[in-house]
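Worksheet for the structure shown next.
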Amino acid sequence: MQCFCENKKTSYVKVEGDVGADPLWCYECGCNLDIEEVPVSSDLKDQLMSWAMLYGEWIDWNVDRLLPDGLELEKKHNERGQLLTEKVKTELGTTYTVRFSPSSSAKSYAKAGLKL
């Protein structure tokens, strides 16, 4: 998988949701990895992309506020992300180190008092 690291390849992958991005990243340089280049099954790619598209469902983007059940929605999103990370680890094998980076945006919104 190509990235911006010195050797242009990564073996250290982070699973992380973000708005408008593929859900896999180089853990070292932060490059967003092209899901099509990741050597996992099509089914897992579809699951990862479906999960990624739900990133931020706990925020009302029109008013930039946390939904009333936002903390619970983010928690469920993180739980699903952790399960998908385990699948990625299994399919990539020992060639790659894979970590999950949970979202904490709902907690940030809650702390700042940005609730509906």
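So, of the residues in region 88-104 that are under 27 Å from E37 (Cβ atoms) and among the hydroxyl-bearing types (S, T, Y), which turns out to be surrounded by the most Cβ atoms within 10 Å (Cβ to Cβ)?
To start, the set of residues in region 88-104 that are under 27 Å from E37 (Cβ atoms) comprises 88-103.
From what's left, among the hydroxyl-bearing types (S, T, Y): 90, 94-97, 101, 103.
Details: T90: 11, T94: 7, T95: 7, Y96: 17, T97: 13, S101: 16, S103: 19.
Per the stated criteria, the residue is S103.
Kindly evaluate V19 against the criterion of being within 16 Å of V98 (Cβ to Cβ), assigned to a loop (DSSP other than H, G, I, E, B), of a type in the set (A, V, I, L, M, F, W, C) and touching a residue at least 24 places away in the same chain (Cβ under 8 Å). Give the steps one after another, and end with the answer.
Values: within 16 Å of V98 (Cβ to Cβ): no; assigned to a loop (DSSP other than H, G, I, E, B): yes; of a type in the set (A, V, I, L, M, F, W, C): yes; touching a residue at least 24 places away in the same chain (Cβ under 8 Å): yes.
In short, no.
Among the residues of region 1-22, how many are surrounded by 15 or more Cβ atoms within 10 Å (Cβ to Cβ), touching a strand residue (DSSP E or B) at 6+ places or on another chain (Cβ under 6 Å) and not basic (K, R)?
7
Without any contact (Cβ under 8 Å) to a residue 40 or more places away in the chain, in contact with a strand residue (DSSP E or B) (Cβ under 7 Å, 6 or more places away or on another chain) and either surrounded by 15 or more Cβ atoms within 10 Å (Cβ to Cβ) or over 20 Å from M49 (Cα atoms) (or both) - does that describe any residue in region 79-87?
No: region 79-87 contains no residue that is without any contact (Cβ under 8 Å) to a residue 40 or more places away in the chain, in contact with a strand residue (DSSP E or B) (Cβ under 7 Å, 6 or more places away or on another chain) and either surrounded by 15 or more Cβ atoms within 10 Å (Cβ to Cβ) or over 20 Å from M49 (Cα atoms) (or both).
Say whether the condition of being exposed (fewer than 12 other Cβ atoms within 10 Å of the Cβ), farther than 26 Å from K9 by Cβ and under 16 Å from the mean Cα position of the chain (by Cα) is met by at least one residue in region 46-63.
Within region 46-63, the first condition is being exposed (fewer than 12 other Cβ atoms within 10 Å of the Cβ), and the residues that meet it are 46, 61-63.
Next, from what is left, pick out any that are farther than 26 Å from K9 by Cβ: 61-63.
Subset that is under 16 Å from the mean Cα position of the chain (by Cα): none.
Within region 46-63, not a single residue is exposed (fewer than 12 other Cβ atoms within 10 Å of the Cβ), farther than 26 Å from K9 by Cβ and under 16 Å from the mean Cα position of the chain (by Cα).
Only the coordinates and a few stated rules stand behind these numbers; no lab work does. Source: prediction; values computed, not measured. Positions of Cβ are backbone-derived with ideal geometry, glycine not excepted, and every protein chain shown enters the neighbour counts.
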